[in-house]
Every structure is written in structure tokens, then in C-alpha cells.
Amino acid sequence: MRFLLNNSLLLFVYNTLLLYPVYLNISYWWNYGVLAGLCLVIQIVTGIFLAMYYVPFSDNAFYSVEHIMRDINWGWLLRYCHANGASFFFLVVYIHIFRNIYYQSYLKPRELLWLLGVIILLLMIITAFVGYVLPWGQMSFRAATVITSLFSAIPVIGNDILILLWGAYSVSYVMLNRFFSFHYLLPFIILLFVVLHVVVLHDRGSSNPVGLYLSKDKIPFSPYFIVKDFFGFYVFLIIFFIFVFFYPNYLGHPDNYILANPLVTPSHIVPEWYFLFFYAILRSIPNKLQGILVLAFALSVLAALPFIINFVLKCNMFRNLNKVFYWYFIVFSILLGWLGGTPIEFPFFQLSQFLTLFYFFYFLVFVNILVSLDTKFAFKKAWLQWFCLLIIIF
């Protein structure tokens, strides 16, 4: 024990895994933060081994990936774990974010914790995008061309930023080499922010389903919640390896198995599924610069939630109106992700615009209004709440 107390790293691990006090009423929805950490470890470990054999040169990148798949022992497993691990990483993080929005875990005193989480999400998006370019397939090449070209819409300095990204006057091996460097470096920066995230979590404390914070309602993390986390690990790994072994390409795009050809454009350019939500918001604005600003504002709204929403009771469990609109928000977010993979034509384009507008109105307008109505009618009959809900909808 004396050795443990003298070693700051071991003491941090000991306090994190054993002594950390947790509210005894938290459910399995609180497992997703730990699952996100597991996904990050999978991505870093598999990525290090894949980087040993990958060649970041436009003439060899595609064939080096095929070499890993066909000639390297267990190379196919490393690549499929890495590719599907990215999808599962985003899935787990999205569920983690939706849970925090539902239980309003971003409110005081966890503002810094939420901001660190949004930064981690932004770093994940950048890391996944530059990694998607590396296989140098047809869809990767076109995605790199389309997304990086958005910087040209920035007034005055846009073209200079674009040339700096490309390292030339078009998409080439120079950009591929730079993206590979970023893709190798960024996961370790994400890991740093995850450590900061955990440190702040232990300083401010976790949330709970009812939004009441009493120290006497806490129990040690071990052994009670370690058992729940291990059960979550087992279920997650079973589902994960079902995709890895039986449906390894289900979440990918078949055009990425075609070597990049600048002279051939795919009929429909779509990013990975975990980008479709943001891609739909970007495409819903016809103007390129305005689309970039709206997309940046969409992420900024998430970061600003602790400062634009402030309630005494930090929980949705007792707010009927807000709960209904929250599930509207979930369904519309999923629908917006689906629209990101559809052609830009009627009615998909108009529907994307409507759902993008709802996204902003939900956070900036609806939540505060609905909570005020819920508070006003807290001791009234339930039919009054549903009557107000119907008025708001129609």
C-alpha cells in the first residue's frame, strides 16, 4: 500500500477502478463511457500494427492495404477490427452523448467535462476523416477531394489553406502522406483528452438518473460497477466480433475496393455512415460557405449547451413534454443521418433542411420552453401537459 501511495500513476488507477464513489442508482446507460475507452484502445493497438505495413504513397497505398489483407498473418483481422472498430467507436460515443443530453449531465458543475467531451468528438471526426482517405479507394479519393475543397469557400485565405492541406495544386501523394501522419498522431491526442475527461469526471462527480446529488447515496466503484462494466464488455465484444467475422464490409462502401481513378467519378459520393448526420446538415445549405458555417454552428451548439440551458432539476425523468420532444430529436437525428446518404433531389433536400432547422430549434428554443411548461404544470393534471404538447406540435 505504501508503494501504491508513492506512485501517482498507480494511485490514479486505484482511485479510478476501486475507490471512485458512484451513485447506486445508475443504469447500464452509464456503461458507454467505459465502452468508448475500450474502442479507443482497440483502435490504437490495431492502428499501430497496420501502420507497420501501410505505404502512404498514392501508387502503393491501395495495394499495401490489399497486401495486409492477403499476405500478412492475421492482417485481415487487424484491418477489419480497425475498420469496424471506428464504426462501433462512433456508435458508442453517439449513444453516450444522447444519454447525457437526456439526463442533462452537461449542466453545472460538469460544464468542463462536457466541453472536453465535445473536443474529443471533434478530434474523432477529424481522425476518422483523414483515416478514411488512406485506403485510396474510389470513394476515399472522392471524399478527400470534396471535403477538402470546402476550404476554398473561406474568403481571402481559403485557397491558401487548401493548397497547404494538399501540399500541391491537386489531391496527390503529398496530401496522403500528411493525412497518414495526422491519422497516426491524433489518436494519442484523443487519449490525452480522455485522461483529462476522466480526471475532471472524478473531480466533479458523475450524474445519475434522477438528477439529485447526495454523497450518502454513493457506493465504491469496485466491485459493484466493475461487474456491470465487464458484462457490458462481453456483450459489446460479442456483437463487435459478429460484424468482424461475418459482416466485415457491411458498414463500409463497395466502391472503396476500386483503385482511385481521378478520371472516373462515382454516381453518388457518400461518406461513412457516422458522418452522414453532419453531411446532411452540410448539404442542406445550397451555398458552400454558408453550409460550412452552419455545420460549425451545429457543433458549437453542442459545446454551448451548459451555457444556454440552465435548470434547477437536472433530469428529464419528471418532464413529460421534454421527454416527448427528446424522442422526436432522436428520431429526426437518425432520419437526418439517413438523408445524408440520399441524392440531393426532391423531397430529400427539403426534408434535410427541415430537420436541420429542427436540430437548432430543439436546443435553442424548444428545451427551455418545454421545461418552463413542465414546471408550470408540474402539479396539474396530466391532460394539461398533453394539451400544451399538441398545441406546440400543430
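The values are calculated or read from the model by the stated rules, or taken from the named source; none is laboratory data. These numbers come from a predicted model, not from an experiment. Virtual Cβ from ideal backbone geometry, glycine too; neighbours counted across all protein chains shown.
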Assess whether TYR132 counts as being of a type in the set (Phe, Trp, Tyr) and farther than 30 Å from LEU19 by Cα. yes
Can you pull out the residues in segment 20-30 that are part of a helix (DSSP H, G or I) and within 14 Å of VAL198 (Cα to Cα)? TRP30
Pairs needed: first member in segment 95-122, farther than 16 Å from VAL34 by Cα; second member anywhere, charged (D, E, K, R); C-beta distance under 7 Å; at least 6 residues apart or different chains. GLN104/LYS314; LEU107/LYS314; PRO109/ARG204; ARG110/ARG204
Going by the conditions given, is LEU107 outside any helix (DSSP H, G or I) and over 28 Å from ALA260 (Cβ atoms)? yes
Residue that is nearest to PHE329 (Cα to Cα) [pool: residues in segment 69-91 that are among the aliphatic types (A, V, I, L, M) and crowded, with 21+ Cβ neighbours inside 10 Å]: ALA86
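One line per residue, one yes/no per condition, for (1) free of Cβ contacts under 8 Å to residues at least 60 places away in the same chain; (2) within 25 Å of the chain's Cα centre (by Cα); (3) in a loop (DSSP other than H, G, I, E, B):
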{"residue": "VAL235", "(1), (2), (3)": "yes, yes, no"}
{"residue": "PHE241", "(1), (2), (3)": "yes, yes, no"}
{"residue": "PRO248", "(1), (2), (3)": "no, yes, yes"}
{"residue": "LEU251", "(1), (2), (3)": "no, yes, yes"}
{"residue": "ASN256", "(1), (2), (3)": "no, yes, no"}
{"residue": "SER267", "(1), (2), (3)": "yes, no, yes"}
{"residue": "VAL270", "(1), (2), (3)": "no, yes, yes"}
Selected residue (only one of GLY137, GLY131, GLY117, GLY158 is at negative phi and touching a Ser or Thr at 6+ places or on another chain (Cβ under 7 Å)): GLY158
When the residues of segment 23-55 are filtered to those that are closer than 17 Å to PRO187 by Cβ and of a type in the set (Ser, Thr, Tyr), which remaining residue is nearest to the chain's Cα centre (by Cα)? THR46
Counting only residues that are without any contact (Cβ under 8 Å) to a residue 12 or more places away in the chain, assigned to a helix (DSSP H, G or I) and among the hydrophobic types (A, V, I, L, M, F, W, C), which one in segment 144-193 is surrounded by the most Cβ atoms within 10 Å (Cβ to Cβ)? VAL174
So SER87 fits all but one of (1) of a type in the set (S, T, N, Q); (2) under 11 Å from the mean Cα position of the chain (by Cα); (3) not in a helix (DSSP H, G or I); what number is the exception? (3)
What number of residues within segment 48-78 satisfy the criterion of being assigned to a helix (DSSP H, G or I) and either hydrophobic (A, V, I, L, M, F, W, C) or at pLDDT 95 or above (or both)? 12
Using beta carbons and a limit of 6 Å, which pairs, at least six apart or on different chains, have the first residue in segment 335-350 and touching a residue at least 24 places away in the same chain (Cβ under 8 Å) and the second one surrounded by 11 or more Cβ atoms within 10 Å (Cβ to Cβ) and aromatic (Phe, Trp, Tyr)? LEU336/PHE277; GLY337/PHE277; LEU339/PHE348; GLY340/TYR279
Can you give me the ranges of the helices (runs of 4 or more DSSP H) entirely in segment 311-394 with at least 3 residues that are modelled with pLDDT of 85 or more? 320-339, 348-361
Using the structure shown, decide if TYR274 is in contact (Cβ under 8 Å) with a residue 24 or more places away in the chain and either buried (at least 16 other Cβ atoms within 10 Å of the Cβ) or among the aliphatic types (A, V, I, L, M) (or both). yes
Give the residues of segment 35-71 that are farther than 21 Å from PHE141 by Cβ and either basic (Lys, Arg) or touching a Leu at 6+ places or on another chain (Cβ under 6 Å) (or both), sorted by residue number. THR46, PHE49, ARG70
Keeping to segment 123-143, report how many residues are assigned to a helix (DSSP H, G or I) and out of contact with any His (no Cβ under 8 Å at 6 or more places or on another chain). 13
